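One structure below.
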Amino acid sequence: MPTLLQRISLYSIYLLALLTPIFFLPFTSEFLEFNKQYLLYGAVTLGFLAWLIRGLLERIFLIKRTTLDLPLLILLGATLLSSLFSKDRPLSFFGGYQSLSWGWIPLTFYLLFYFLSVQHLDKERGRSALLWLATGGGVAMLYFWVRVLRIPILPVGFPSWNPAYALNSRVAVFCLVLLMIGFLELLWRKQQGKGKKIFWSAVVALSLSTVVGMGYSYVLVLGTIGLGLLLLALMQRMEGANMVVASVLLAAFVLMLTFTLFRVPSFLTVQGPTEIALAHRTSWRIGADTLKEGAV
């Protein structure tokens, strides 16, 4: 039973990594964030209860500690106090209908997920979790290109662009993260099997094409910086690196830098929905005014 409970707790992490980019329910009034948030609640609750019951059965709790434990607990406590003294307590505790990812309860579940990850994921299990995450992300990117190319294989009523998030710009950042992970896995992991090499190569190709196709300028800037830092790391550790992948990394960096300086040609970009957002200076001013409200 303890072994079974340990597997349940571990696979709740894997399941969340796989399903978060692609999980949605087309029959609810809000397809994406609402359902993903409750997927998080369910998976984390299952994993934490399995970990807790296992400890009770074995009559011992082995808890791995990290340097982030105390700062995160302070953050949780400060957020609790803020929510208790908030003008709108339900909103501060649970989040709004359109922003369920913000609030004291969502933050608590994020930290519980972090706790479970620390307890279960070592180096190899962490790589397995990244593999699950890349699988879900790859499916989400394929969904995006199916929508872009208007291939009629998806039923009416599904998300218009992608199943990961309502804003394509946020999905582009996620694809950029997958691009970096893919390069890291291919550069120095020579002992992995042929199947994994093909998988990560596909993730790199799909992520790069999606980031370029979406064409968001700030994502291209982030991509240029990220790939540049990865090239610097490669220069420090050339021994054992895959030179073919290193060449592809250099080409991707040059491509990203070129598109950052001169923009992506229109024939390579996807005409997605217009995303309207406040300027950064305006957003900071509103945040500062909100914090100072009622202070004097």
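Which lysines, on any chain, are close to residue 292 with Cα under 16 Å apart, when same-chain ones fewer than 8 places away are left out?
87
With a Förster radius of 25 Å, plug the Cβ-Cβ distance of residue 3 and residue 124 into 1/(1 + (r/R0)^6) and report the FRET value to the nearest 0.05.
Using R0 = 25 Å, I get an efficiency of 0.90.
Give me the 1.4 Å probe accessible area per residue for the range 172-264, excluding ligands and nucleic acids, in Å².
So the range 172-264 comes to 52 Å² accessible per residue, rounded to a whole number.
What part of the accessible area of the chain, given as a whole %, is carbon or sulfur when the probe is 1.4 angstrom?
For the chain, the apolar C and S fraction of the accessible surface comes to 69 percent.
What whole-number value in Å² describes the accessible area per residue of the range 1-109 for a 1.4 Å probe?
63
Treating only the Cβ atoms of Lys and Arg (+1) and Asp and Glu (-1) as charged, compute the dipole magnitude of the chain about its Cα centre; round to the nearest 20 debye.
540
Say a paramagnetic label sat at a point 7 Å from the Cα of residue 58, along Cα to Cβ; which residues of the range 1-31 have their backbone N under 13 Å from it?
1-10
Quick one: if the Förster radius is 41 Å, what FRET efficiency do residue 151 and residue 286 give, using the C-beta to C-beta distance and rounding to 0.05?
Using R0 = 41 Å, I get an efficiency of 0.50.
Which of rounded, prolate, oblate describes the range 87-182, given a ≥ b ≥ c as roots of the alpha-carbon gyration tensor eigenvalues and a/c under 1.5 marking rounded, otherwise prolate only if a/b is larger than b/c?
oblate
Label 7 Å along Cα→Cβ of residue 202; the range 137-161 residues with amide nitrogen under 16 Å?
Those under the cut-off are 137-146.
Show the residues, 5+ positions off or on another chain, whose built amide H is closer than 5 Å to the amide H of residue 96.
102
Between residue 158 and residue 275, what length in nm is gained on full extension when 0.36 nm per residue of separation is reduced by their alpha carbon distance?
Here the answer is 40.2 nm.
Less than 20 Å apart at the alpha-carbon level, and either on another chain or at least 8 residues along: which aspartates and glutamates does that give for residue 194?
Output for residue 194: 124, 185.
The values are calculated or read from the model by the stated rules, or taken from the named source; none is laboratory data. Bear in mind the structure is a predicted one, so any value in this text is a computation, not a measurement. Backbone-built Cβ (ideal geometry, glycine too); neighbour counts: all protein chains shown. All accessible areas refer to the heavy atoms of the entire protein, side chains included, with ligands and DNA or RNA removed. Shrake-Rupley method; radii C 1.70, N 1.55, O 1.52, S 1.80 Å.
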